[in-house]
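Bear in mind that the values in this text are calculations on the coordinates, not laboratory data. Because the structure is a prediction, the values reported are computed rather than measured. No Cβ is skipped: glycine too gets one built from the backbone with ideal geometry, and neighbour counts run over all protein chains shown.
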Amino acid sequence: MVAAVVIAAVFLLGMVAAAGYAARTLPSGARVPLHAGTPEHSVWLAKPVGLAAWLGVGAAAFAAFAALTLSSLAANWEQSTRFVLLPGVMLVVLAAEASAIIVAERQAASADAAALAPESTESPATESTESPTTGSADSPAAESTEDPTAAPSPSDGAPTDSPDPATGSPGLAADSPDPVAGSPDLAEAQP
């Protein structure tokens with residue numbers, strides 16, 4: 001059991017090293033996600049708070065599962081379960097912290113790229129020569145580039161006449177949020 005604790009402690013030190021790397025490489029305004037399994041449920045924290053939270057999660061997981069693994073409660077468990085549980089949990093927490101750091105790096109890089117992009121390439125002379133009928137590039141009418149007469153695409157989630165590639169029946173596209181609503185034979189069965 002001592003070997004399991006030592007291996008898990010190495011993973012905890014890996015978490016400390018990953019947090020140290022992130023503290024040095026992430027910009028000061030970066031935000032680190034603390035996620036609960038999916039990106040939709042992430043809480044974006046300031047860099048120091050987010051890195052400290054990940055270390056806190058790692059330390060709490062280490063303490064809880066080390067106490068469980070070494071306790072008399074686990075004395076009747078299989079030896080392999082007691083040996084694998086603590087390092088396995090710590091490896092998952094280390095991987096989650098590393099993925100949060102990677103997401104934070106990508107978010108910071110995309111924010112930097114957006115800040116460096118030129119905002120407008122028009123000169124003041126071209127802005128003043130616009131005719132009243134064409135409108136300005138800043139008008140709401142100029143923002144829409146979609147053809148209003150174009151048929152909806154399957155990626156819009158709108159009903160189509162072509163068969164759905166996933167089911168072979170006409171209706172909504174496979175990536176639509178509600179495939180039952182677009183299927184004629186299943187729409188009647190809905191309450």
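If I ask for residues that are part of a helix (DSSP H, G or I) and farther than 14 Å from residue 109 by Cα, which ones from region 22-48 would you list? Matches in region 22-48: 23, 24, 39, 40, 41, 47, 48.
Looking at the structure I just gave you, is residue 52 within 27 Å of residue 103 (Cβ to Cβ), of a type in the set (A, V, I, L, M, F, W, C), over 19 Å from the mean Cα position of the chain (by Cα) and surrounded by fewer than 18 Cβ atoms within 10 Å (Cβ to Cβ)?
Numbers: within 27 Å of residue 103 (Cβ to Cβ): yes; of a type in the set (A, V, I, L, M, F, W, C): yes; over 19 Å from the mean Cα position of the chain (by Cα): yes; surrounded by fewer than 18 Cβ atoms within 10 Å (Cβ to Cβ): yes.
Considered against the rule, which asks whether it is within 27 Å of residue 103 (Cβ to Cβ), of a type in the set (A, V, I, L, M, F, W, C), over 19 Å from the mean Cα position of the chain (by Cα) and surrounded by fewer than 18 Cβ atoms within 10 Å (Cβ to Cβ), residue 52 comes out as yes.
If you go through region 65-85 and keep only what is within 12 Å of residue 3 (Cβ to Cβ) and not in a helix (DSSP H, G or I), you end up with nothing. Only one entry in 9, 4 is in a helix (DSSP H, G or I), touching a Lys or Arg at 6+ places or on another chain (Cβ under 8 Å) and surrounded by 13 or more Cβ atoms within 10 Å (Cβ to Cβ), namely 4.
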